[in-house]
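The values are calculated or read from the model by the stated rules, or taken from the named source; none is laboratory data. Because the structure is predicted, anything quoted here is derived from the model rather than measured. Positions of Cβ are backbone-derived with ideal geometry, glycine not excepted, and every protein chain shown enters the neighbour counts.
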Amino acid sequence: MQVFYTSPWVPAEWIRAHGLEACGIWFAPVPRPFALLAGDCAFACRTSRVAELESDSAFVFTTHCDQLRRQFDSLALSISHRAFLFNLPATWQTPVAKRIFLAELERLGRFLVGIGGHEPTAEALASQMGEHSGVRKALLHSASSLPAQTLAEAIARFYTEGRADLGQQSGDTACPTNGLVPIALAGGPLSRADWGLFEAVQTAGARVVLNATEPGERNLWESASVPSVVSSKDALLDALADDYLAHCVDVFQRPNRRLYAWLGERLAFRGARGIILWVYSACDLWRAEAQTLREATHLPVLQLEADEAASGWTRIRGRLEAFVESLRHLAGPPAP
Ligand code: SF4
């Protein structure tokens, strides 16, 4: 059975260790256009629509935003046997957060067994943890050297199949900007259906040097230790919780200073001259960050509404061109 998960902070290795297919919701089939109620997040509604249509699959919703939680509640009666709500702690630096996360992993495990998965052995879990940390590390080390869409495609393979196949594409050398203005993407979900953004950015005369959307580079890290097959399953699960809590970088965290520390370091290293904030119209979490993002990074920020992409890229292209032109004027010609 396929299990779609709606946050990169739900460990896919735990799902796969149960013998089930794990797939990030960003790469699920896109449903036909449907009506939205005012105030509804298009991404959360699309997730719920996919959950109704993909009747042979299970869905792991998370509590990281009210919109997803509400969608889970609205589906509770119709698909309760194949839907799970994972309680993601908003705080991350306390023993309580770890206890909650561990308890949720154990509860998720019972749900996965209930829908046909098998109890994972320590060997299966260690193997999945080892593979995932290896792929994450390879993606992390290749991130700055790959064109943005190539990186997004590699991350998509990781979120759908647990592998990346970087082959010859990996390396530590930064991709040349070729006269294009280096900019960063930050914000909420950037699904496969939204990848026209990469082309639109390039057509506007810019190049994405950092992708901090979801799922993007915020969700790549190098684990401190490689799991050992001689560890018990409990010890491995404990290590898995530590690994995710230690590296979670997201807008829903309170306080979310880790997000700005992460961004500040990478924006400077990649030489980004501006930021595109990719938000869904009804996403209070990311919309609330626009001004803080400007003040914390001292960079111009262009807020683009993700919902608009569904009806074509024309208006987005126009706004991107104007933004990139303004960045050229602000900083002079880019380095070759
Ligand atoms: S885009 Fe924002 S409101 Fe929509 S599901 Fe994601 S966090 Fe929630």
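Contact annotation: residue pairs with Cβ atoms under 8 Å, 6 or more positions apart or on different chains, pairing a residue in the range 44-57 that is assigned by TED's automatic domain parsing to the domain that holds A28 and among the β-branched types (V, I, T) with a partner that is part of a helix (DSSP H, G or I) and within 13 Å of the ligand (Cβ to nearest atom), are T47/I25; T47/L68; T47/Q71; V50/I25.
Name the residue, out of R99, R69, R107, that is within 12 Å of the ligand (Cβ to nearest atom) and assigned to a helix (DSSP H, G or I).
Values: R99 fails: within 12 Å of the ligand (Cβ to nearest atom); R107 fails: within 12 Å of the ligand (Cβ to nearest atom).
Going through R99, R69, R107 in turn, the sole match is R69.
Where residues in the range 277-293 are more than 9 Å from the ligand (Cβ to nearest atom) and either surrounded by 15 or more Cβ atoms within 10 Å (Cβ to Cβ) or without any contact (Cβ under 8 Å) to a residue 24 or more places away in the chain (or both), which of them is nearest to R46 (Cα to Cα)?
From the range 277-293, those more than 9 Å from the ligand (Cβ to nearest atom) are 277-278, 281, 288-293; that's our starting set.
This time we only want the ones that are either surrounded by 15 or more Cβ atoms within 10 Å (Cβ to Cβ) or without any contact (Cβ under 8 Å) to a residue 24 or more places away in the chain (or both), so: 277-278, 281, 288-291, 293.
Values: L277: 20, W278: 17, S281: 14, A288: 22, E289: 23, A290: 24, Q291: 28, L293: 27 Å.
Filtering the range 277-293 for residues that are more than 9 Å from the ligand (Cβ to nearest atom) and either surrounded by 15 or more Cβ atoms within 10 Å (Cβ to Cβ) or without any contact (Cβ under 8 Å) to a residue 24 or more places away in the chain (or both), the one nearest to R46 (Cα to Cα) comes out as S281.
For the range 319-335, does any single residue satisfy the condition of being within 15 Å of the ligand (Cβ to nearest atom) and in a helix (DSSP H, G or I)? If you could, list the steps in order and put the result at the bottom.
Of the range 319-335, the ones within 15 Å of the ligand (Cβ to nearest atom) are none.
For the range 319-335, residues within 15 Å of the ligand (Cβ to nearest atom) and in a helix (DSSP H, G or I): absent.
Considering A309, A241, which residue is within 16 Å of the ligand (Cβ to nearest atom) and buried (at least 18 other Cβ atoms within 10 Å of the Cβ)? Let's see the steps before the verdict.
Numbers: A241 fails: within 16 Å of the ligand (Cβ to nearest atom).
Residue meeting the stated conditions: A309.
Within the option set G205, G187, being in the same structural domain as L263 (by TED's automatic domain parsing), within 24 Å of Q253 (Cα to Cα), at pLDDT 95 or above and not charged (D, E, K, R) holds for one residue only, G187.
Only one of the listed residues (H18, H81) is touching a residue at least 40 places away in the same chain (Cβ under 8 Å), outside any strand (DSSP E or B) and in contact with a strand residue (DSSP E or B) (Cβ under 9 Å, 6 or more places away or on another chain). That residue is H18.
Here are A38, A12: which of them is under 29 Å from A193 (Cα atoms), among the hydrophobic types (A, V, I, L, M, F, W, C) and within 16 Å of the ligand (Cβ to nearest atom)?
Details: A12 fails: within 16 Å of the ligand (Cβ to nearest atom).
Being under 29 Å from A193 (Cα atoms), among the hydrophobic types (A, V, I, L, M, F, W, C) and within 16 Å of the ligand (Cβ to nearest atom) holds for just one of A38, A12, which is A38.
Does A156 qualify as being under 24 Å from R192 (Cβ atoms), out of contact with any Asp or Glu (no Cβ under 9 Å at 6 or more places or on another chain) and in contact (Cβ under 8 Å) with a residue 24 or more places away in the chain? So A156 fits the description; yes. Just one of the listed residues (L210, L267, L236) is more than 16 Å from the ligand (Cβ to nearest atom), touching a residue at least 12 places away in the same chain (Cβ under 8 Å) and part of a strand (DSSP E or B), namely L210.
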